[in-house]
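See structure below.
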Amino acid sequence: MPTNSLPPLSPVLERLRAHVLEHSVKHGEFVLKSGATSTWFLDTKQTACRPDGIVAVTDAVVEVFADVLDGIDAIGGLTMGSDPVAYGVAAVAATRGHRLRSFSVRKEAKLGGITGRIAGALERGDRVLVTEDTTTRGTSLIEAADEITAYGAVPAWMTVVVDRGGTCAAMAAERGIDYRPLLTAPDLGFGYGT
């Protein structure tokens, strides 16, 4: 889709969209995690793991969550998808006066040392922004939210760099979580589920 026919976004989100379109969108034939096939794929770590990309992601998080940012204690989610986003946003946001601690939810519980699935600076009672680089169905975000709750923290908000499936909002709402994707598949010129 030509960029002049994409939906309008704020300048901050437009900068993030441009980065994602340049570095993270791949064209071809792909089999998604869900088993579905697609002619486009998002490798959003190509945005989150570049210095200019993570600055654009952080600017977007600060803009999209401006009304609640001071109430967020920690940012994290299921490893590996959340790691560059959570750690990068926490670091860059700290240079702007926003003190977020970061953490990961392991895929399996660690049995030795500090046990369990939570790794990092999450504390019981924290109000958490659950994050992921990309979601199609939302299952990783929900799994992370469930583990955060079990740990004793509160998954109050959720975000992804790109929501390509459009189904996560309903699952988050069922759990009382405020879901705000930074970008969606339609923002990039694609339909949900394509």
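Please treat every number below as a calculation from the coordinates, not as lab data. In this text, all values refer to a predicted model and were calculated from it rather than measured experimentally. Neighbour counts run over all protein chains shown; Cβ positions are idealised from the backbone, glycine included.
Globularity index of the chain is 0.98 (Cα radius of gyration / 2.2 N^0.38 Å, N = number of residues).
Remark: spin-label model distance Arg124-Ala94 equals 2.5 nm, labels positioned 7 Å along the Cα→Cβ axis. What value, in deg cm²/dmol to 500, does the helix sum -39500 (n - 2.57) over DSSP H runs of n ≥ 4 give at 222 nm once divided by the residues of the chain? Mean residue ellipticity, 222 nm, calculated: -9500 deg cm²/dmol. You can think of it this way: the chain between Thr194 and Asp67 has 42.5 nm of extra reach, that is 0.36 nm per residue less the Cα-Cα gap.
Can you work out the base-10 log of I(q)/I(0) for the stretch 1-114 at q = 0.10 1/Å, using the Debye formula on its C-alpha atoms alone? Debye curve over Cα of the stretch 1-114, log10 I(q)/I(0) at q = 0.10 Å⁻¹: -0.38.
Just to be sure I understand: of the beta bridges DSSP finds with both ends in the chain, what percent are antiparallel, rounded to 5?
Antiparallel bridges make up about 30 percent of those DSSP assigns within the chain.
May I ask you to give the average projected area over all directions of the convex hull of the Cα atoms of the stretch 93-194, in nm² rounded to one decimal?
The orientation-averaged projected area of the Cα hull of the stretch 93-194 comes to 7.5 nm².
Which residue, Tyr192, Val162, Ile148, has the largest displacement toward the positive end of the dipole of the chain when charges sit on each Cβ (Lys, Arg +1; Asp, Glu -1)? Value computed over the given set: Ile148. When each of the peptides 119-127, 179-187 is scored by the mean number of other C-beta atoms lying within 10 Å of its residues, the order from highest to lowest reads 179-187, 119-127.
Exposure proxy for Trp157, Trp40: other Cβ atoms within 10 Å of each Cβ, ordered fewest to most, give Trp40, Trp157.
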